[in-house]
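*Asks:* Okay, here's the structure, questions in a sec.
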Amino acid sequence: QGRLVESGGGLVQAGGSLRLSCATSRRIFSINAMGWYRQAPRKQRELVAVITSGGSTNYAETVKDRCTLPREHAPNTMYLQMTSLKPADTSVYYCNRRTAYGTDYWGPGTQVTVSS
């Protein structure tokens, strides 16, 4: 039933890099924005990066110099490139699609753990 599936998470040392992927199993229409969010234990889910249908991007202050949304989209797939990872980046990362009607689609998440 899920439409989004994340992959690419794992254990990485501080200073390392990861590339997360989000594949769409079924087409989602009228997408207004696509993005990545994360949630650490006992914390609220927070925005990491988002790109709108118009091409505008927004990054969280804590990651904006270390994360990008690569433009080389494979069909139905988006990516999040993260570099210079810190232990504070340890979270479950979720892929999101928001439609023009305000509907949010989420993947099940992928765990990223950064060791010091």
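The values are calculated or read from the model by the stated rules, or taken from the named source; none is laboratory data. Here the structure is a predicted model, which is why all the values come from computation and not from measurement. FYI the Cβ positions are ideal-geometry reconstructions off the backbone, even for glycines, and counts take in every protein chain you see. Quick note on the areas: whole protein, heavy atoms, side chains included, nothing else; ligands and nucleic acids left out. Shrake-Rupley method; radii C 1.70, N 1.55, O 1.52, S 1.80 Å.
*Asks:* Summing Lys, Arg as +1 and Asp, Glu as -1, what charge do residues with Cβ under 9 Å from the Cβ of residue 35 carry, residue 35 excluded? Don't jump to the answer; show the numbers that get you there.
*Replies:* Details: positive: 97, 98; negative: none.
So the surrounding residues net to +2.
*Asks:* Quick check: at a probe of 1.4 Å, how many percent of the accessible area of segment 48-98 sits on carbon and sulfur atoms?
*Replies:* Working: 1230 of 2480 Å².
Carbon plus sulfur share of accessible area: 50 percent.
*Asks:* Same structure, new question: At q = 0.11, 0.18, 0.24, 0.25 Å⁻¹, work out log10 I(q)/I(0) for segment 4-101 with the Debye formula, treating every Cα as an identical point scatterer and leaving solvent out; two decimals please.
*Replies:* -0.31, -0.83, -1.45, -1.55
*Asks:* Are there cysteines in the chain with no second cysteine's Cβ under 4.7 Å away, and if so, which?
*Replies:* Those would be 67, since no other cysteine Cβ in the chain comes under 4.7 Å of theirs.
*Asks:* Hey, another quick one. Which value, in Å², gives the accessible area per residue of the chain when a 1.4 Å probe is used on the protein heavy atoms?
*Replies:* Values: 6550 Å² over 116 residues.
I get 56 Å² per residue for the chain.
*Asks:* Report the residues of segment 91-116 in range of a label on residue 56: point 7 Å along Cα→C-beta, backbone N strictly under 17 Å from it.
*Replies:* Taking a point 7 Å out along Cα→Cβ of residue 56, the residues of segment 91-116 whose backbone N falls under 17 Å are 98-102.
*Asks:* At 0.36 nm per residue, and after removing the present C-alpha to C-alpha distance, how many nm does the segment from residue 26 to residue 43 gain when stretched out fully? Don't skip to the end; give the middle numbers.
*Replies:* Details: separation 17, 0.36 × 17 = 6.12 nm, distance 3.02 nm.
Result: 3.1 nm gained on full extension.
*Asks:* Measure out, as a whole number of angstrom, how far apart the alpha-carbon centroids of segment 1-68 and segment 77-107 sit.
*Replies:* Each part's Cα centre sits 2 Å from the other's.
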